[in-house]
Structures are given as C-alpha cells and as structure tokens.
Amino acid sequence: MRRTTKLFSILFAVSFSFLSCNKDPLSADVIIYGGTSAAVISAVETVQSGKSVIIVCPDKHLGGLTSGGLGFTDSGNTNSIGGLAREFYHRVWLHYNDSAAWKWQKHSEYGNKGQGTVAMDGESRTMWIFEPHVAEKIFEDLIRENNIPVYRDEWLDRESGVEVNNNRIISLTTLSGKKFSGKMFIDATYEGDLMATAGVSYTVGREPCSQYNEEWNGVQAGVFHHRHYFSTPIDPYVIQGDSSSGLLPYISNEPIQPNCSGDDKIQAYCFRLCMSNHPENRVPFEKPEGYDPANYELLARVFESGWNEWFAKYDIIPNRKTDTNNHGPFSSDHIGMNYDYPEASYERRKEIIEDHTNYQKGLLYFVSTDERVPEEVRNRMQDWGLAKDEFTDNANWPHQLYIREARRMVGAYVTTENEVLAKVDVPDPVGMGSYTMDSHNVQRYVTAEGYVQNEGDVGVHPGKPYKIAYGSIIPRKGECENLLVPVCLSSSHIAFGSIRMEPVFMILGQSAAAAAVIAIDNKINVQDVPYGQLEKVLLSKNQILNN
C-alpha cells in the first residue's frame, strides 16, 4: 500500500510538473513593453501585488537611461520620491556602503555632490549618484528576486503586431513572431510604440502657448535660461562674412518662427558618457570612421571667442568617473538631427543613433586633438577617456541614446505647465515631480543680425513638488481600455520637460502597475479604476502623493 501511494505521488508530481511546464509562457496578467527603469519597476509592483507579468524588451540591457549613463540623477526634491523608486536609490546606497565598491578611489576621496543634494544621504539611507553598471545590476537583481520573465531583443511589429478588439489590446506580436497576450498592457518605452500602434491619440513636438494657456511652450527664441547659447556674436557661414559660401554644419536655414508658436520639432538628444580619469581605467578617445573636423568649425569659433566652459558638465560619480552631459552653445546635444526619430522606422532610428554616435565621438576627438582648441583644454582632455569597465559589450559606449522626448500621449488628462507651477489643482495624483521644466535646445538658426543662435533651451523651476494626475497615464475614454503609459504620458512639451526625469518614470511605473492590478481584480477598464482604492494601495506602498 505504501509503494502504491508513493508511486501515485511520483506520477502526480510528474504530471503536475508537465502541465506547469506546458502552460503558455507568452501569456500573463500584465504585459510590459519596454526595458526602461519604469518597465522594471512596473514589473516588480505587478508581481508583488500577486499578478503574473512578462517584460517584452526591445533592448538587451535593462534600465534605460538610469543604467545607460545617467548616473548624476535629476532628483529634484528627493522627499517627493517614494515607493519602489526610493527602494532603488536605497539599494544604490547599500552598494556604496560596501568598501568593495570603491575600486578606483577611496570612499573618503569622493566629493559626495549631487544635483542640489548630497550624493550619499546617510540620514535617508539613499544615494542619488552612481555608476552605470551598478544601476544595471540592481535592476537585474530586482528581476531575479521577483522571478520576472524578460524576453530581450524583441521588437514590436509596428505594422500589424497589436491585436485590438473592442478598444482592448488582446496581444502584441514581435518581429520574431512571438505573441504575448495579457489582460493589461503597459507601454514603458521612451518612444511610445505600443501606444501608437494600438491607435491611442498622441502628439509630437511643441504645442503653441495658446493651446493650454502656457507661457513657456512653443518657440522660445531669445530665452536663455541655461548657459547653452552663443553669448558672443559668431559668424554662421563657411567663409566668415560671406553668406554665399553657405552655412556651417548643424545650422538650419529655416527662418525662426514667432515665439509661442507650435511646431513638430523636438529637443535634442545625446549620449550621457561615462568617462574615467584613472590611468588604468580609461580608453582614449579614438578617431571615428568618416571623421571630418569641418563638422566642428562652429565649436572652434566658440573657443576662439574666449569661451572656456568645456568641462562644466563633467559631473563626478563614484570611482573617478563622470556622467558627462551637454553644456554650452555647441556640445554633445546633436541639435536638430532627431526630428524624425519618434515616428521613424527601426532602420531609420538605427541610422539616427549611429549619426549621434559618430557626431559625439568626433566631437571628443576634435576637442582632444585639433589645434584650434585651446592647448589647455586639449591637455586636460588627455586625462580623460571612456571608462574601461563600463558598457564592456559595446566598446565602452552607452547602449542607450538619451531620448529626451518623443511621442506624448494625449490622454484622459493633459498635464501642462499650469499643473507643474501649481496654478491649478491636480485631480487623482499618482506621483509627484519636482525638477525644473527643462527643455534642451530644439534648433540652431541664423538671427536677423546674421549670427548663429540656439533656440528652445528653457528652464523654469516649479518652486515645490507638484502632483501628476492618474488621467495623464491612461488613454481617453473610448480609446484603449487596458493600456497604461507611464513614460510617454499625457503632457504638454514644456511640462514633460520636468516629468521626464528617471525617478518620476519609476514612480509612475509603479502606480501604473498598481492601477492595472486593480483593473484586473475588479474586471474594469483602466479609465474606471476607483481613485480611492488606488490611492489607498499607493500610500500603503509608500508612494508620495502630496506635499
């Protein structure tokens, strides 16, 4: 009898294992498309709320910009960052409290400077500044700890890969032919490809100020809130003083439009480079294929004018490395060269990314070697190189271009500068932002006086943290009923300039997942999620929803 019982138990276990293994692995309660920080946090929240999830990731690496070079976090007011986002920065703090983390410098040698805050905050047990590989490891740890399946290098079929029935996404199919079905979907990409393919309303570019009664949207010629403009007259022509010789590279021949007028242009992209000045951990800046110093003639003229701020945004992160960002009138921002990126095909996007790569590599080589660059700058550049221990599978170059802005959903609620600047009350908050409304330059043009100038660089501080409405991460009623969009969310161009910070994407990613779970449990559309129930859940997860 014992043998029979034991045999039955074995057969039952084998049968159960067989059935479990043959359960459709491409189906889950929630399907998340994207590999950004928001995607990972959304997935973690879904699992911790008791639902199944799959991440369908067009990238090979997780974390987007957070693990892609942006280690000098645009944190704003850190008291407005809670939930799983804060858990991420706590894990960064734990990492750097281990002496083994300090390979290339002593902990005591690190300056502990962040953006408006200390880098490592012992009181709150958080750290806001970090190396790229540290961020990626934390994201991978979160995936492993929560047993989250991730399908990498899977690209949505944007032609016919989204099956929609009665305003609900049934499944998404990738170019490899894999089909993923779910009850709820989250678009956590920087581009909004799932949102767009599902037929949700969206926009690209800058709205006119009149559309949402704003002051800082649209064209903003002559507005210089940062130091990213030509502060002295610089001739824009190949032969100085001769307009017939043509414009220098990267200067538009389009006339500037009136201030506050809308357009379909977007703010500039760049790579956030991780550099090192440690002799044993730096890779020299090499001459890229097709390098032409004439492409950087405008920068040479800027140097000749006496400009000396080249190293102003070599922001220091641990282990003698940098998060190097754009700074000045001619820098790493490839102004005007990304306008078609949001709607472009995958092939065209690859071309744009390659163009940005070559531009930025050429820029580094030019500043390091060209005799028109001041000798002091060239000499200092010899101390720097790409960090040898970062992005080791991509020749030490970041795997993620900084897509500062692409599509933006036009959803149930549009967040504008009026919400950011606390001019209106915000209903049903699911997170908070606090960073400056920060738009990088959008175009480089010739002024009426015949000189070159940049346009679009705006920086307006909100004064205090502001609320972000639930309606801004869901489509309008009558559009898709089971999709949430925490990255390409519903906002005006200038409001997105503040919302687009990585901590906020993580915050909204968690809130999106929490709402998806409620919608599943109640068998309702995302537009009908009871805010009182959502608020209670978010507060229980330590999300910050109010000042």
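The values are calculated or read from the model by the stated rules, or taken from the named source; none is laboratory data. Bear in mind that the values here come from a model prediction, so they are computed numbers and not experimental data. Cβ atoms come from the backbone with ideal geometry, glycine included; neighbour counts cover every protein chain shown. With ligands, DNA and RNA removed, areas are computed over all heavy atoms of the protein, side chains included. Shrake-Rupley method; radii C 1.70, N 1.55, O 1.52, S 1.80 Å.
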Considering residues that are of a type in the set (Lys, Arg) and assigned to a loop (DSSP other than H, G, I, E, B), the number found within region 97-118 is 2
Tell me whether region 424-431 contains one or more residues that are surrounded by fewer than 21 Cβ atoms within 10 Å (Cβ to Cβ) and in contact with a His (Cβ under 9 Å, 6 or more places away or on another chain).
no
From TYR229, TYR237, which residue is closer than 30 Å to LEU298 by Cβ, open to solvent by 40 Å² or more (accessible area, probe 1.4 Å) and free of Cβ contacts under 8 Å to residues at least 40 places away in the same chain?
TYR237
Considering only region 222-239, I want to know if a residue exists there that is modelled with pLDDT of 95 or more, under 23 Å from LEU489 (Cα atoms) and among the polar types (S, T, N, Q).
no
For TYR296, state whether it is part of a helix (DSSP H, G or I) and among the hydroxyl-bearing types (Ser, Thr, Tyr).
yes
Of all residues being in a strand (DSSP E or B) and hydroxyl-bearing (Ser, Thr, Tyr) in region 438-464, which is least open to solvent (accessible area, probe 1.4 Å)? Just the residue, please.
SER439
Examine region 283-300 for a residue that is loosely packed, with under 15 Cβ neighbours inside 10 Å and closer than 25 Å to ALA101 by Cα, and state whether such a residue exists.
yes
Residue pairs within 9 Å by beta carbon, gap of at least six or interchain, first lying in region 359-370 and at negative phi, second of a type in the set (S, T, N, Q) and assigned to a helix (DSSP H, G or I), listed first then second, are TYR359/ASN295; GLY362/ASN295; LEU363/ASN295; PHE366/ASN295
One residue is enough: does region 160-178 have a residue meeting the conditions open to solvent by 30 Å² or more (accessible area, probe 1.4 Å), in contact (Cβ under 8 Å) with a residue 60 or more places away in the chain and within 22 Å of GLU45 (Cβ to Cβ)?
yes
Looking at GLU343, is it open to solvent by 60 Å² or more (accessible area, probe 1.4 Å), of a type outside the set (Phe, Trp, Tyr), under 23 Å from the mean Cα position of the chain (by Cα) and more than 23 Å from LEU70 (Cα to Cα)?
yes
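Here is a yes/no grid of residues against (1) over 20 Å from GLY433 (Cβ atoms); (2) at pLDDT 95 or above; (3) among the polar types (S, T, N, Q):
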site: PHE8; (1), (2), (3): yes, no, no
site: ASN22; (1), (2), (3): yes, no, yes
site: PRO25; (1), (2), (3): yes, no, no
site: PRO58; (1), (2), (3): yes, yes, no
site: TRP93; (1), (2), (3): yes, yes, no
site: ASP98; (1), (2), (3): yes, yes, no
site: ASN112; (1), (2), (3): yes, no, yes
Taking the conditions exactly as written (among the hydroxyl-bearing types (Ser, Thr, Tyr), closer than 27 Å to ASN319 by Cα and buried (at least 20 other Cβ atoms within 10 Å of the Cβ)), does TYR435 satisfy them or not?
yes
For helices (runs of 4 or more DSSP H) lying entirely in region 474-547, having 1 or more residues that are out of contact with any strand residue (DSSP E or B) (no Cβ under 8 Å at 6 or more places or on another chain) picks out 502-522, 531-540
Within region 356-377, is there a residue that is farther than 23 Å from HIS334 by Cα and of a type outside the set (D, E, K, R)?
no
Going through GLU131, GLU45, GLU140, GLU145 one at a time, which residue ends up being surrounded by 23 or more Cβ atoms within 10 Å (Cβ to Cβ), acidic (Asp, Glu) and farther than 27 Å from ALA198 by Cα?
GLU131
Say whether the condition of being of a type outside the set (Val, Ile, Thr), closer than 29 Å to VAL30 by Cα, surrounded by fewer than 24 Cβ atoms within 10 Å (Cβ to Cβ) and in contact (Cβ under 8 Å) with a residue 12 or more places away in the chain is met by at least one residue in region 409-417.
yes
Out of the residues in region 37-81 that are among the aliphatic types (A, V, I, L, M) and in a strand (DSSP E or B), state the one that is nearest to LEU175 (Cα to Cα).
VAL56
